[in-house]
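Heads up, the thing below is written out as structure tokens.
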Amino acid sequence: MELINAAEEFLHAKGIPARTDMTGAECTTFRTGGRIALFAEPRDAESAAAILGFAREEGMPHFIIGNGSNLLVPDEGLDMLFIRLAGGLCSFEVRGDELIAGAGASFAAAAKHSVAKGLMGLEWAAGIPGTVGGATAMNAGAYGGEVKDVLKRLTVLRRGAAEEITPAEGSMGYRRSEFSFPGCTVLSAVFGLAQDDGGAKERMDGFSARRREKQPLNYPSAGSTFKRPEGYFAGKLIEDAGLKGFRIGGAAVSEKHAGFVVNLGGATSADVLAVIEAVRETVYKKFGVMLEPEVRILRSEAI
Ligand SMILES: Cc1cc2nc3c(=O)[nH]c(=O)nc-3n(C[C@H](O)[C@H](O)[C@H](O)COP(=O)(O)OP(=O)(O)OC[C@H]3O[C@@H](n4cnc5c(N)ncnc54)[C@H](O)[C@@H]3O)c2cc1C
């Protein structure tokens, strides 16, 4: 509590906006989870570096959140500092064949902008509800595209200093990279794209239509709950295990797409976790495949 008060004072002195009433239910797309003790929104790189430096020096538990579209916050909340990049860290622009975007920007909005400006290469990203920082950290991907295929360079904060680096340093792989907090905080990213061959808008619209048709977008979720196991599809295994519609409390395996655990209304994070664990156990018993969650499950003791 003392550390939280000290951090609050530090943020106030630096003029960095902060709240003490944010909840997981408000800042994640699952719409579950309790109160985050302190939620700061630095509006420029200097403020982000200052608050991260403070937290590190004081040994204060902290976490970088993007749009919370791949996160589960515990119901009891977290006695820690969350940092969400805001203001000038959310802008994006096209220059030549490059899309230059702040890490707090909406990845989908930036991708749509690049297509509107006559570029192609990010059509697949239109329906991913994360930030540029979150997409880079997770090496987000869809419909055959991945961040690592188009990321050209990025500016990150590591050990308190901002550096411009290349993707080669990030060992980017399937839904993972070393550009992820806590080792690294992405401040901005540059995507190398190409001149539109005339079909980019149609491809992007097509991918969005496929999402609307196949995904339960009318319910809160974190997208695909599980990573794709080698040689299988998580959704197919879950469906074949007879788990479509399987429900605990307000959380359930989606009837529309078995790869999604959804919040049907009033779910707790405990409900979501219970569904995740039941699915893993059942699929393992039936098919010998242990599904690994793609969603990052935050626990107070693990951060
Ligand atoms: C309906 C729906 C559909 C989805 N479809 C897809 C899809 O097709 N493909 C896909 O890959 N994902 C998909 N997702 C999952 C999610 O959108 C992606 O993983 C996204 O990239 C997460 O971004 P975020 O900003 O929400 O990150 P968060 O969920 O807030 O955070 C995820 C991780 O990234 C880290 N992080 C966030 N910002 C930074 C930063 N600036 N620097 C360092 N680390 C950072 C966090 O610390 C955390 O570990 C979907 C989710 C939903 C709800």
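Values in this text are rule-based calculations from the coordinates and carry no lab data. Predicted model, so just to flag it, every value in this text is computed and none were measured. Note that each Cβ is placed from the backbone with ideal geometry, even for glycine, and that neighbours are counted across all protein chains shown.
Taking the alpha-carbon distance from LYS117 and a cut-off under 21 Å, which lysines remain once sequence neighbours fewer than 8 residues away in the same chain are dropped?
In chain and number order, the partners are LYS152, LYS201.
Apply the Karplus parameterisation 6.51 cos²θ - 1.76 cosθ + 1.60, with θ equal to phi minus 60°, to every residue of the stretch 74-85 and state each ³J(HN,Hα) to the nearest whole Hz, in sequence, with x for glycine and proline.
x, 4, 6, x, 9, 8, 8, 9, 9, 10, 10, 5
Given the Cα-Cα distance of GLN195 and ALA162 and 0.36 nm per residue of separation, how much length would full extension add, in nm?
Extra length from GLN195 to ALA162 when fully extended: 8.8 nm.
How large are Rg and Dmax for the stretch 2-87 when calculated on the C-alpha trace, in angstrom?
Just the Cα atoms of the stretch 2-87 yield Rg and Dmax of 12.1, 33 Å.
To make sure I understand the rule: partners must be aspartates and glutamates, Cα under 12 Å from the Cα of LYS214, and not fewer than 8 residues away in the same chain. Which ones qualify?
Correct list for LYS214: GLU255.
Can you give the helix-only mean residue ellipticity at 222 nm for the chain, where every DSSP H stretch with n ≥ 4 adds -39500 (n - 2.57) and the sum goes over all residues, rounded to the nearest 500 deg cm²/dmol?
-9000 deg cm²/dmol
Quick one: compute the contact order of the chain, relative version, from alpha carbon pairs under 8 angstrom and 6+ residues apart, as a percent.
This gives 16 percent for the chain.
Ranking ASP79, ASP271 by Cβ neighbours within 10 Å, fewest first, what do you get?
Lowest to highest Cβ neighbour count: ASP79, ASP271.
Under the rule a/c < 1.5 gives rounded, and otherwise a/b versus b/c splits prolate from oblate, where does the stretch 116-261 land using the Cα gyration tensor?
Because a/c hits 1.5 or more and a/b fails to exceed b/c, the stretch 116-261 counts as oblate.
Calculate how many DSSP beta bridges within the chain are antiparallel, expressed in % of all such bridges and rounded to the nearest 5.
Around 80 percent antiparallel, to the nearest 5.
For a quick check: sort SER188, SER69, SER300 by the number of other beta carbons within 10 angstrom, fewest at the front.
Ascending Cβ contact count within 10 Å gives the list SER300, SER69, SER188.
With label points built 7 Å along Cα→Cβ from the Cα atoms of ARG210 and GLU9, find their separation and express it in nm.
Label-label distance for ARG210 and GLU9, simple model: 5.5 nm.
I need the semi-axes of the equivalent ellipsoid of the stretch 252-296: take the C-alpha gyration tensor, multiply each eigenvalue by 5, square-root it, list largest first in whole angstrom.
After scaling each eigenvalue by five and taking roots: 19, 12, 9 Å.
Under the 0.36 nm per residue contour assumption, what length would be gained going from the current alpha-carbon distance of GLU292 and ASP97 to full extension?
Extra length from GLU292 to ASP97 when fully extended: 66.5 nm.
Using the alpha carbons of the stretch 91-195, what is the convex hull volume per residue in cubic angstrom, as a whole number?
Spelled out: Cα convex hull of the stretch 91-195, divided by residues, is 85 Å³.
Using Cβ counts within 10 Å as a stand-in for footprinting exposure, how do SER114, SER106 rank, fewest first?
SER106, SER114
Grab the Cα-Cα distance for TYR174 and LYS256, subtract it from 0.36 nm times how many residues apart they are, and report the gain in nm with one decimal.
In short, 27.1 nm is gained.
Rounded to the nearest Å, what's the spacing between the alpha carbon centres of the stretch 170-214 and the stretch 1-77? Just the number, please.
Their Cα centres are 26 Å away from one another.
Would you kindly calculate the mean projected area, averaged across all directions, of the convex hull enclosing the Cα atoms of the chain, in square nanometres?
That works out to 15.4 nm².
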